[in-house]
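*Asks:* Let me give you the structure first, and then I'll get to my questions.
The values are calculated or read from the model by the stated rules, or taken from the named source; none is laboratory data. Just so it is clear, the structure is predicted and the values come from calculations on it, not from any experiment. Ideal geometry is used to build each Cβ from the backbone, glycine not excepted, and the neighbour counts take in all protein chains shown. Protein only, heavy atoms only, side chains kept; ligands, DNA and RNA dropped before computing areas. Shrake-Rupley method; radii C 1.70, N 1.55, O 1.52, S 1.80 Å.
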Amino acid sequence: STLLGVLSGLLGLVVGSVLGSVIERVPAKLAVLSPGPRCAACAAPLSLVDCVPLVSWLVLRGRCRHCRHGIGVRDPVIEVLTAGLFVGVTLRFGVHPAVFAFWLLAAALVAISAIDIEHHIVPNRIIYPVLFATVPALVAISLAEGRPVSLEWAAIGGVAAFVVFFVIHVIQPAGMGFGDVRLAGVIGIYLGWLRLADVALGLVLGFVLAAVAGAGLMLAGKAGRKSRVAFAPFLALGAMAVVYWGNPILAQWAR
């Protein structure tokens with residue numbers, strides 16, 4: 001319903017605001033929740049009024065209230081992106097327990113993608129908590145619905161994705177970090193839980209999107225053959241595309 005979509009979008013904005021701190025602090029190996037939000041320039045504590053997702057940034061015109069230092073567009077972009085992904089997940093699953101698990105996936109992929117773009121790492125501090133939360137959640141949903149086969153698919157999908165990426169990592173470690181291997185395993189669990197074919201589709205889409213983007217960067221003179229390109233964002237795009245449109249994509253593929 002429209003109301004459910006609006007509520008999930010608002011939740012996404014709030015989660016996206018929290019992800020801003022995650023993206024800033026995890027690579028620096030700092031605590032995520034303590035201390036509270038602060039200006040990156042003057043370290044002044046931010047009040048709740050300064051932390052209203054998107055609204056505060058617009059009202060303050062992208063500047064700190066205390067030192068007037070400019071605040072980049074990353075945070076509002078993350079908030080809007082997370083909100084959009086949450087709405088998409090809600091439209092996909094509706095009033096279903098799986099919506100919570102896939103909200104978690106969407107939020108994790110946003111944070112991991114941003115960190116990989118900025119620092120070229122896929123942090124274990126995000127991967128492992130997501131994995132430990134995902135497994136019991138999907139087990140509980142599957143058993144409650146009487147669909148134990150989905151757990152088999154999830155296990156097969158996770159292992160298969162991990163193994164494929166691990167082999168690539170061994171063959172070409174400079175081009176495929178082990179963080180990408182772990183991320184592929186987590187994505188394989190989620191997509192496998194939906195359908196085994198979705199695992200292959202998501203990974204293929206990730207590789208295709210990465211290849212297209214790499215070719216575009218080389219043509220634009222912004223990257224060379226040996227340039228390191230963050231791969232996690234393309235894995236994330238492929239995964240979420242399958243979550244939203246896996247059925248129609250596979251239907252067209254089968255024609």
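*Asks:* Ratio of Rg to Rh for region 161-223, alpha carbon only, Kirkwood? All intermediate terms of the calculation are to be shown ahead of the outcome.
*Replies:* Working: Rg = 13.2 Å, Rh = 12.5 Å.
Ratio of gyration radius to Kirkwood radius for region 161-223: 1.05.
*Asks:* May I pose another question? Give me Rg/Rg_expected for region 95-164, where Rg uses Cα atoms only and Rg_expected = 2.2 N^0.38 Å with N residues.
*Replies:* Working: Rg = 13.7 Å, N = 70, 2.2 N^0.38 = 11.1 Å.
Rg over 2.2 N^0.38 Å, computed on Cα atoms: 1.24.
*Asks:* In units of 2.2 N^0.38 Å, what is the alpha-carbon radius of gyration of region 49-108?
*Replies:* Working: Rg = 14.9 Å, N = 60, 2.2 N^0.38 = 10.4 Å.
That works out to 1.43 for region 49-108.
*Asks:* Write down the Å³ per residue value for the convex hull defined by the alpha carbon atoms of the chain.
*Replies:* Numbers: hull volume 39.3 nm³, N = 255.
Spelled out: Cα convex hull of the chain, divided by residues, is 154 Å³.
*Asks:* Shifting gears a bit: Beyond 15 Å, what share of the Cα-Cα pairs of region 35-140 is found? Please give it as a whole percent.
*Replies:* 71 percent
*Asks:* Once you have the Kirkwood Rh of region 125-255 from its Cα pairs, apply Stokes-Einstein at 25 °C and 0.890 mPa s and quote D in µm²/s. List each step's numbers first, then the result.
*Replies:* Values: Rh = 15.5 Å.
Here the translational diffusion coefficient equals 158 µm²/s.
*Asks:* Which percent of the accessible area of region 126-255 is formed by carbon and sulfur heavy atoms (probe 1.4 angstrom)? Each step should come with its number before you reach the end.
*Replies:* Working: 4850 of 6730 Å².
Reported share for carbon and sulfur atoms: 72 percent.
*Asks:* Send over a whole-number figure in Å² for the accessible area per residue of the chain, probe 1.4 Å.
*Replies:* On the way: 13390 Å² over 255 residues.
It amounts to 53 Å² per residue over the chain.
*Asks:* What is the set of long-range amide H partners of R38 at a cut-off below 5 Å, with H atoms built 1.01 Å from backbone N?
*Replies:* Long-range HN contacts for R38: L46.
*Asks:* Show me the ranking of peptides 216-223, 118-125, 58-65 by mean Cβ neighbours inside 10 Å, starting with the highest.
*Replies:* Output ranking for 216-223, 118-125, 58-65: 118-125, 58-65, 216-223.
*Asks:* Moving on to the next point. When you count, for each residue, the other Cβ atoms within 10 Å and take the mean per peptide, how do 184-195, 231-242, 126-137 rank with the highest first? If you can, show how the numbers build up before the last one.
*Replies:* On the way: 184-195: 26.1, 231-242: 23.9, 126-137: 15.8.
Peptide ranking by packing, descending: 184-195, 231-242, 126-137.
*Asks:* Springs between alpha-carbon atoms under 10 Å, Gaussian network over the chain: tell me which of S113, S142, S17 tops the mean-square fluctuations.
*Replies:* S142
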